[in-house]
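The structure under discussion appears below in the form of structure tokens.
The values are calculated or read from the model by the stated rules, or taken from the named source; none is laboratory data. Because the structure is predicted, anything quoted here is derived from the model rather than measured. Counting neighbours? That spans all protein chains shown, and the Cβs are built from the backbone with ideal geometry, glycine included. Remember, those area values only see protein heavy atoms, side chains included, never the ligands or the DNA or RNA. Shrake-Rupley method; radii C 1.70, N 1.55, O 1.52, S 1.80 Å.
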Amino acid sequence: QVQLVESGGGLVQPGGSLRLSCAASGSGFVINTMGWYRQAPGKQRELVATTTGGGSTAYADSVKGRFTISRDNAKNTVYLQMNSLEPQDTAVYYCNAVALKREDITSYMYWGQGNQVTVSS
């Protein structure tokens, strides 16, 4: 089993910044893709950004140029630096990881507990 522990959400004014962190732990697994999703009230969960173990990244169009995903492979930790935040960014942000279980060579997907990010004046 892989556990994902998130931190860093909160309340920020429009134009402000926040940084989310997510640390993955679990023996017998190789963490591959890690990323962030978000879900606003009344909306479906959507992809925000992802990064592979090799460092490739992908972003939703709505956050390109404002958000940056990064990763510390040694710590199995992924970060999301969010700048120029807008009220539309208000949502619960979920960390996501795809991990390969060495025992059965099967990939599994895991989710963090979710962190509220509220952008409001």
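Suppose all protein chains stay in the model; what accessible area per residue would a 1.4 Å probe give for segment 4-121, in Å²?
Working: 6060 Å² over 118 residues.
Per residue, segment 4-121 has 51 Å² of solvent-accessible surface.
Test of understanding: what is the full-extension gain from residue 121 to residue 75, defined as 0.36 nm times their sequence separation minus their Cα-Cα distance? Please list the in-between numbers first.
Numbers: separation 46, 0.36 × 46 = 16.56 nm, distance 3.50 nm.
Taking residue 121 through residue 75 to full extension adds about 13.1 nm, to one decimal.
How compact is segment 1-62 by the rule of thumb for globular proteins, expressed as Cα Rg over 2.2 N^0.38 Å? Present the calculation step by step, with values, prior to reporting the outcome.
On the way: Rg = 13.8 Å, N = 62, 2.2 N^0.38 = 10.6 Å.
Ratio of Rg to 2.2 N^0.38 Å for segment 1-62: 1.31.
Calculate how many DSSP beta bridges within the chain are antiparallel, expressed in % of all such bridges and rounded to the nearest 5. Write down the numbers at each step before the final one.
Working: 43 of 46 bridges.
Once the DSSP bridges in the chain are tallied, antiparallel ones form about 95 percent.
Return the Rg/Rh ratio of the chain with Cα-based radii and a Kirkwood Rh.
Ratio of gyration radius to Kirkwood radius for the chain: 0.98.
Dipole size in debye (nearest 20) for the chain around its Cα centre, Lys and Arg Cβ +1, Asp and Glu Cβ -1?
Values: 10 positive and 8 negative charges, 15 e Å.
So the magnitude is around 80 debye.
Hey, if you put +1 on the Cβ of every Lys and Arg and -1 on every Asp and Glu Cβ in segment 1-77, which of 35, 11, 49 ends up farthest toward the positive end of that dipole?
11
Report the extension gain between residue 7 and residue 100 in nm, rounded to one decimal, defined as 0.36 nm multiplied by the number of residues separating them, less their alpha carbon distance.
Length difference between fully extended and current span is 31.1 nm.
Which percent of the accessible area of segment 67-121 is formed by carbon and sulfur heavy atoms (probe 1.4 angstrom)? Walk me through the numbers before you get to the answer.
On the way: 1330 of 2780 Å².
Carbon plus sulfur share of accessible area: 48 percent.
Give, rounded to the nearest 20 debye, the magnitude of the charge dipole that segment 68-116 has about its Cα centre when Lys and Arg contribute +1 at Cβ and Asp and Glu contribute -1 at Cβ.
Details: 4 positive and 5 negative charges, 40 e Å.
Charge dipole, segment 68-116, about its Cα centre: 200 debye, nearest 20.
Have a look at 83, 93, 105 and report the one farthest towards the positive end of the charge dipole of segment 53-115, computed about the Cα centre with Cβ charges (Lys/Arg +1, Asp/Glu -1).
105
Normalising by the residue count of the chain, find the relative contact order in percent from Cα pairs under 8 Å and 6+ residues apart.
36
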